[in-house]
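See structure below.
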Amino acid sequence: MTRLAVLILFAILSLAAQPVFHLNDGDRVVFYGDSITDQRLYTTFVETYVRTRFPNLNVKFTHSGWGGDRVSGGGGGVVETRLYRDVAPYRPTVVTIMLGMNDARYRAFDEDLFKAYSGGFQKLVATIRTLAPGARITAIRPSPYDEVTRTPTFPGGYNPVLVKYGDFLAQYAAEERLTVADLNEPVVKMLEKANAANAADAPKIIPDRVHPGAAGHLIMAGALLKDWNAPALVSAISLDATAAKPLSAEGTKVNNLKTTGSISWTQTDSALPMPINFDDPVVALAVRSSDFMETLNRQTLKVTVLKPGHYALRIDGQQVGVFDEKAFAAGLDLAALPTPMAQQAAEVHQLTLKRTGIHNIRWRSLEVPLAGDGLTANAAAMNALDQLDAELEARQIAAAKPL
């Protein structure tokens, strides 16, 4: 994006070689799971991250979680029905699976339930491999049952049971060459820090112990993205207030640098930051209690050799904040500030939510409940929603292009 920045800026970051991101151009991703996936929160955060960090990457996303599901299926039908209807038609090249919360039945570890889960998960993977040959499968360790901000309901607690299920997934993934993502431990560690910092708000991160709100899902999305080798960098620039050209620039191009009077330049970034609603105190608490910003959302600006004083930072004519020369010399984290770039990224996320909402209506209000009713207009209605989905996706992709 080309932005006119006035005053001071930085970015000095020596980044180690970044592993290759898990998603490729042309990938089709299906998120499969139970009610936690059905919330369409961690999944839409992942979608928005990919859209904003890789604006030229052609990837499609389908959200196929169903509340109450186990490895055997649930309210949406047995697992075979779910996979044939809710996964296979989208010709996935990547499938994520998060199940286990319902399978362990909210009780102490039960060997029979565990055997049903482990056997059922293996069957589920085998069926996916038949329906989508070559698809890259990510087995997700179940997200936690919150026993950090509240006490366990029975001796030993339920989350250790979920951890044991996750241990099976890690072993099975190694044997079957699946990717494994841990959405349990990172959330537990965040909850521990959040509870120590703010015991009143920390329980709101997972209000009912099972289903996280946006704050918890953002950290879950971050965990999945990190296990997919997602890059931390948005952009980074470093300026010397007395020099005629930038000291360094990563993920961006800097032009028209002027250091007479105020400091100004134009900046063309390759990506947008991940939008985060810091106005939500629970989201802010979760982010502060995690490494999300450091590991996934670095957008840094550094200006050195400034005279002592306070300087206003303006981007596209919008004042972002006022900082002294020490803050600029240390480096500002633009991704944590209300910049025009963050506002643009938030608009992308709203389009993500609208698009996935339309698909969910098509799937859950038309395709599934009306399948056997013989309504001639149903196919036309679903086709119209597919077209609306595609139109929203086009707008989402366009909105993610840096300006």
Just how far, in whole angstrom, is the stretch 55-92 from the stretch 148-197 if you go by their alpha carbon centroids? 23 Å
Given 10 Å bins starting at zero, what is the percent of C-alpha pairs of the stretch 130-251 in each, up to the one with the largest pair distance? 12, 31, 25, 17, 11, 4, 0
Among ARG107, ARG53, ARG82, which one moves the most in a GNM of the chain with springs linking Cα atoms closer than 10 Å? ARG107
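Could you work out the Kirkwood radius for the chain, taking every pair of different alpha carbons, averaging 1/r and inverting it, reported in Å? Intermediate results must be reported in sequence, preceding the final value.
Working: mean 1/r = 0.0441 Å⁻¹.
Evaluated over the chain, this radius sits at 22.7 Å.
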To the nearest 500 deg cm²/dmol, what mean residue ellipticity at 222 nm is calculated for the chain from DSSP H runs of n ≥ 4 alone, each contributing -39,500 (n - 2.57), summed and divided by the residues? -12000 deg cm²/dmol
Quick one: among GLN344, GLN39, GLN387, which has the greatest mean-square fluctuation in a GNM of the chain with alpha-carbon springs under 10 angstrom? GLN387
Taking Cα pairs closer than 8 Å and at least 6 residues apart, the relative contact order of the chain in percent is 22 percent
Ordered by packing density, taken as the mean number of other Cβ atoms within 10 Å over each peptide's residues, highest first, how do 230-236, 100-106, 373-379, 156-162 rank? 230-236, 100-106, 156-162, 373-379
Pairs LYS164/LYS226; LYS226/LYS354; LYS253/LYS307; LYS245/LYS302; LYS253/LYS302: which are spaced more than 20 Å apart, C-alpha to C-alpha? LYS164/LYS226; LYS226/LYS354; LYS253/LYS307
Normalised by the empirical 2.2 N^0.38 Å for globular proteins, what value does the Cα Rg of the stretch 28-230 take? 0.99
Any idea what angle helix 111-131 forms with the longest principal axis of the chain, computed on alpha-carbon atoms, 0 to 90 degrees, nearest 10? 70 degrees
Counting alpha carbon pairs within less than 8 Å and at least 6 residues apart, what relative contact order, in whole percent, applies to the stretch 28-230? 21 percent
For the stretch 349-374 and the stretch 204-228, distance of Cα centres in Å: 24 Å
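Read the figures in this text as sums done on the coordinates, not as results from a lab. Remember, predicted model here, so these are calculated numbers, not experimental data. With ideal geometry, Cβ positions are generated from the backbone for all residues, glycine too; neighbour counts draw on all protein chains shown.
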